[in-house]
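These notes are about the structure you will find just below.
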Amino acid sequence: MNRSQKYISLLLERLPKWELRSYENQTSLDRIRDRIASSDDIQSELQSLYRVKGFSAFALSLMYIDDKVQKDTTLDESTLAEETLVFTRLRQALGDVPPPAPESTSNGSAFELPTSVGFEPTTTPAPIPTPDVLLDAWGAGTESAAPSPENIPTSERAQELIFAGLLEKFLEAVQGGSDDRSTLMSDVKKECNTVLALSSPPEEYKQFCQLLVEFLQYITDNQFLDDVRVMNIVSNIQDPVSQWARTEPGGRTGLLDPAIEILRDFKTMFE
């Protein structure tokens, strides 16, 4: 078992299985964890899971974590933010909670992560497959009907989607005054630094992350985390980031501009 495989296996063990709504869903989590832990090739296993209908976002979150752990040898234990994001994606995949509504892009279309075509839509309503039935298709030879590996998002694209989800979790924590908001803020800063360490991130994304690190450091230094102005700023930057991350690269022009403008002038709100 390599480092990233062990990291992900331990992460899955730490998920609050008891919060899943049914014994069937709890068993599905056990199956996923056991299969990943015993795999000889975790990257191929996650790509295969990505092709299972409904599980693409969940698999994508694990693919990103796998890539990050491989690149950073100092990582040895999953963060609360990673566990929260993975568990949210898992619950959506298992039907425990409804999936997020697709967000409109600038040209009026919607970006959705591709799913397996192995479960063809029918002209008449059909029963929704149970998680066990869906997972039976995991690696069951539906390659010809599924997205090819080159159509699976790159690690950079996965990072963008995961970062948008992390920022959303941070906003929810700030709004709810939850105990993990400081931890989530720290994780947001780490993800910003991950972006800044990339060889050639999109320029507007790099600029946004630079400004966001400055903003988070400012509210940390001045103990403003519980200030309503912080909640307002995070609320106003989260939506542009989410829309930008879910939009295909060719249609992103200007989407991050509102968030960048807010962060560029954030100090004026505290004067």
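Every read-out reported here was derived from the displayed coordinates using simple, explicitly stated rules and does not represent laboratory data. None of these values were measured; they are calculated from a predicted model. With ideal geometry, Cβ positions are generated from the backbone for all residues, glycine too; neighbour counts draw on all protein chains shown.
Which part of the stretch 234-253 falls in the paramagnetic zone of THR268, meaning amide N under 19 Å from the point 7 Å along Cα-to-beta-carbon? Only 234-238 pass the distance filter.
So what's the net charge close to LEU75: Lys and Arg +1, Asp and Glu -1, counting the other residues with Cβ under 14 Å from its Cβ?
-4
Dipole magnitude for the stretch 182-263: computed about the Cα centre from +1 point charges on Lys and Arg Cβ and -1 point charges on Asp and Glu Cβ, it is near 160 debye.
Would you please classify the overall shape of the stretch 20-60 from the alpha carbon gyration tensor, given that a ≥ b ≥ c denote the square roots of the eigenvalues, rounded means a/c under 1.5, and beyond that prolate means a/b larger than b/c while oblate covers the rest? Taking the square roots of the gyration eigenvalues as a ≥ b ≥ c, the stretch 20-60 is oblate.
The lysine pair tally for the stretch 155-270, using Cα distances under 19 Å and a gap of 8 or more places or different chains, is 5. Divided by 2.2 N^0.38 Å, where N counts the residues, the Cα radius of gyration of the stretch 155-270 comes to 0.99.
With R₀ fixed at 30 Å, the C-beta to C-beta distance from LEU80 to TYR218 puts the FRET efficiency at about 0.85. Dipole of the stretch 1-100 computed with +1 at Lys/Arg Cβ and -1 at Asp/Glu Cβ about the Cα centre; of TYR50, LEU12, ALA81, farthest Cα towards the positive end is TYR50. Does the stretch 1-100 come out rounded, prolate or oblate by the C-alpha gyration tensor, with a ≥ b ≥ c the root eigenvalues, rounded set by a/c under 1.5 and, if not, prolate when a/b is larger than b/c and oblate if not? It is prolate, given that a/c is not under 1.5 and a/b is the larger ratio.
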